[in-house]
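Worksheet: one structure, shown below.
The values are calculated or read from the model by the stated rules, or taken from the named source; none is laboratory data. Quick caveat, the model's predicted, so the values are computed rather than measured. Neighbour counts are summed over all protein chains in view; Cβ atoms, including those assigned to glycine, are modelled from backbone coordinates with ideal geometry. When the accessible area is computed, the model is the full protein with side chains, heavy atoms only, and any ligands, DNA or RNA have been set aside. Shrake-Rupley method; radii C 1.70, N 1.55, O 1.52, S 1.80 Å.
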Amino acid sequence: MGLVEYVLLFLAAATPWLEIALVVPLGIVRGLSPFWVMVTGFAGNLLTVFLLIVLFQRVRDYLANRKKGEKKEGKRQTRARNIWNKYGLPGLSLLGPILIGTHIAAFISMSLGADKARVLFWQIVSIALWTLIFGYAAIAGVDFLIRES
C-alpha cells in the first residue's frame, strides 16, 4: 500500500489548488516517511510548474480562448499583480505557495514578462523552501501531539 500512497501524494502535489501546503502535512500526519513525503511532494509540485513554464504560450492561448470576452481580473490575479509590483519575481515566487499557489505565481510571472529560466529558478527555490517549512512544521506538530498524549 505504501507505493500507492506516494503515487497519490505525487499526483495531489502536482494538482493546482492542493499543492505542497496541504499535501506534505497530510502525508506526514498520515504516517508516511517525512523525507519521502517532502521529496515526493516537491517533485510533484515542481513537475507541473515546470510544464506550465515550458508550455506557457500554449496554456496562455488556451485560457484566452476559453475566457473570450472576460476581461475582469480575479482576486488571485489582482493579489499576484500587487505582490509583483511590490516585491518582483522573487517575492511573487516566494509568497506564491501560501497566498495564491505556485502555478498561478509562475503563470502570472510569465504573463508579466519574466524570463522562463528566472521563473523556474525562483519557483524551485520557493517550492523547496516551503516544502521544508510545511514538512518540518508537520513533523513538529505530530511530535508535539505524541508527547501530549
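Evaluate the distance, in nm, between pseudo-label points positioned 7 Å from the Cα of Asn85 and of Ser111 along their respective Cα→Cβ axes.
In this crude spin-label approximation the distance works out to 1.5 nm.
Using the Cα centre of the chain as origin and beta-carbon charges of +1 (Lys, Arg) and -1 (Asp, Glu), tell me which of Leu55, Leu3, Leu22 is placed farthest towards the positive end of the dipole.
Leu55
For the chain, take N as its residue count and report Rg(C-alpha) divided by 2.2 N^0.38 Å. Walk me through the numbers before you get to the answer.
Details: Rg = 16.5 Å, N = 149, 2.2 N^0.38 = 14.7 Å.
Dividing the Cα radius of gyration by 2.2 N^0.38 Å gives 1.12.
So what is the relative contact order for the chain, in percent, with contacts set as C-alpha pairs under 8 Å and at least six apart? Write out the running numbers ahead of the final one.
Details: 161 pairs, mean separation 46.6, N = 149.
Reported as a whole number, the value is 31 percent.
Given a 1.4 Å probe, how much area per residue of region 20-149 is accessible, in Å²? Mind dumping the intermediate values first?
Details: 7650 Å² over 130 residues.
Here the per-residue accessible area is 59 Å².
For the ranges 22-28, 93-99, 131-137, what's the packing order if you count other beta-carbon atoms within 10 Å of each residue, average per peptide, and put the highest first?
On the way: 22-28: 22.4, 93-99: 20.9, 131-137: 18.4.
Output ranking for 22-28, 93-99, 131-137: 22-28, 93-99, 131-137.
Where a Cα-Cα gap under 18 Å defines reach, which lysines qualify for Lys67, not counting those fewer than 8 residues away within the same chain?
By straight Cα distance, Lys67 reaches Lys75.
Roughly how many nanometres apart are two label points built 7 Å out from the Cα toward the Cβ at Arg58 and Thr78?
Distance between the two pseudo-spin positions: 3.3 nm.
Given charges of +1 on the Cβ of Lys and Arg and -1 on the Cβ of Asp and Glu, with all other atoms neutral, how large is the dipole of the chain about its Cα centre, in debye to the nearest 20? Write out the running numbers ahead of the final one.
Details: 16 positive and 8 negative charges, 172 e Å.
With only Lys, Arg, Asp and Glu charged at Cβ, the dipole is about 820 debye.
If you roll a 1.4 Å probe over region 1-79 with all protein chains in place, what percent of the accessible area is carbon or sulfur?
On the way: 3500 of 5300 Å².
It is 66 percent, rounded to a whole number.
Please give, to one decimal in nm, the separation of the simple spin-label points placed at Arg30 and Leu11, each 7 Å out from Cα toward the Cβ.
For Arg30 paired with Leu11, the spin-label model returns 1.1 nm.
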